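Please read the structure below before turning to the comments.
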């Protein structure tokens, strides 16, 4: 075997090892709920979803679709009003992400975004408390939001092998610094999610909020080879 042949064989093996890895990981995104509020309304309702379904509870007229957005508005309520975004199937797994666009017309009226499990025990509440502050499960996060500022929001919930699950809330304004809040969830049970709720509490001062591009997704990874 000549030295030139050995050199060519070695070069070929190196190229094959670099070009064809033994395994490759492929990310797969599963969408459990999606609503852009741009499509035709479902029969009997002014609100529909592309994936999943929507239910309303409480006084009528609080949740309406205006200009391709979900408008949450009232002059003050005697009873709670809620919109429930039902996932098209129960999520169970390691990580789920809730995405949304949010616009608060004021900071002196409250709103709650709740992730709910199939036991109705409440996974986590993200609150805009009516005093300009952001709360997690009723506790002050130390962060505040502004009125008339469009936010792109992401709430990431992650199961933990040991101890309680964790959350990471991101609120990205159209300009300026991103609000980032991390912490531990109250439950140490396996992560499960059945629906997402937007809640206007009774007794809250008059307010107006806009949601858009509401989505619940999860990433999973598999080997390609």
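The values are calculated or read from the model by the stated rules, or taken from the named source; none is laboratory data. Note that the structure is a prediction, hence the values are computed from the model and not measured. Cβ atoms come from the backbone with ideal geometry, glycine included; neighbour counts cover every protein chain shown.
Before we move on, is residue 33 farther than 22 Å from residue 123 by Cα and modelled with pLDDT of 95 or more? Lay out the reasoning, then the answer.
Details: farther than 22 Å from residue 123 by Cα: no; modelled with pLDDT of 95 or more: yes.
Taking the combined requirement at face value, the residue does not satisfy it.
Within segment 120-141, restricting attention to residues that are exposed (fewer than 14 other Cβ atoms within 10 Å of the Cβ) and in contact (Cβ under 8 Å) with a residue 12 or more places away in the chain, the residue that is farthest from the chain's Cα centre (by Cα) is 131. List every residue pair whose Cβ atoms sit under 8 Å apart, with the two residues 6 or more apart in sequence or on different chains, where the first one lies in segment 214-225 and is more than 19 Å from residue 158 (Cα to Cα) and the second, anywhere, is loosely packed, with under 10 Cβ neighbours inside 10 Å and modelled with pLDDT under 55. Cβ pairs passing all conditions: 223/23; 224/23; 225/22; 225/23. Evaluated against (1) closer than 17 Å to residue 210 by Cβ; (2) touching a strand residue (DSSP E or B) at 6+ places or on another chain (Cβ under 8 Å), residue 95 falls short on exactly one condition, (1). The set of residues in segment 107-130 that are more than 20 Å from residue 210 (Cβ to Cβ) and in a loop (DSSP other than H, G, I, E, B) comprises 117, 118, 119, 120, 121, 122, 123.
Kindly indicate which of 53, 48 is crowded, with 17+ Cβ neighbours inside 10 Å and modelled with pLDDT under 95. Give the derivation first.
On the way: 53 fails: modelled with pLDDT under 95.
The unique qualifying residue is 48.
Selection of first residues in segment 149-165 that are within 16 Å of residue 114 (Cα to Cα) and of second residues that are surrounded by fewer than 18 Cβ atoms within 10 Å (Cβ to Cβ) and modelled with pLDDT under 90, restricted to Cβ pairs under 7 Å at least 6 apart or on distinct chains, gives the following pairs, ordered by first then second residue: 165/187.
Residue count for segment 149-185 under the criterion of being buried (at least 16 other Cβ atoms within 10 Å of the Cβ) and assigned to a loop (DSSP other than H, G, I, E, B): the result is 3.
Within segment 43-74, count every residue that is within 23 Å of residue 217 (Cα to Cα), more than 18 Å from the chain's Cα centre (by Cα) and in a loop (DSSP other than H, G, I, E, B). Count: 2.
Give segment 65-85 a look and list any residue that's loosely packed, with under 14 Cβ neighbours inside 10 Å and more than 12 Å from residue 204 (Cβ to Cβ), or say none. So that I can check it myself, show each step before the final result.
Initially, segment 65-85 is screened for residues loosely packed, with under 14 Cβ neighbours inside 10 Å, giving 66-68, 75-76, 78-79.
66, 67, 68, listed by residue number.
Given the criterion over 14 Å from residue 57 (Cα atoms) and either over 14 Å from the mean Cα position of the chain (by Cα) or in a loop (DSSP other than H, G, I, E, B) (or both), identify the matching residue among 90, 77, 102. Selected residue: 90, the only one of 90, 77, 102 that is over 14 Å from residue 57 (Cα atoms) and either over 14 Å from the mean Cα position of the chain (by Cα) or in a loop (DSSP other than H, G, I, E, B) (or both). Being at pLDDT 95 or above, out of contact with any helix residue (DSSP H, G or I) (no Cβ under 9 Å at 6 or more places or on another chain) and under 21 Å from residue 94 (Cβ atoms) holds for only one residue in 178, 184, 135, and it is 184.
Screening residue 181 on (1) touching a residue at least 12 places away in the same chain (Cβ under 8 Å); (2) over 27 Å from residue 36 (Cβ atoms); (3) touching a strand residue (DSSP E or B) at 6+ places or on another chain (Cβ under 6 Å) shows it passes everything except condition (2). With respect to the conditions (1) at pLDDT 95 or above; (2) farther than 19 Å from residue 200 by Cα; (3) not in a strand (DSSP E or B), residue 146 lacks only one, and its number is (2).
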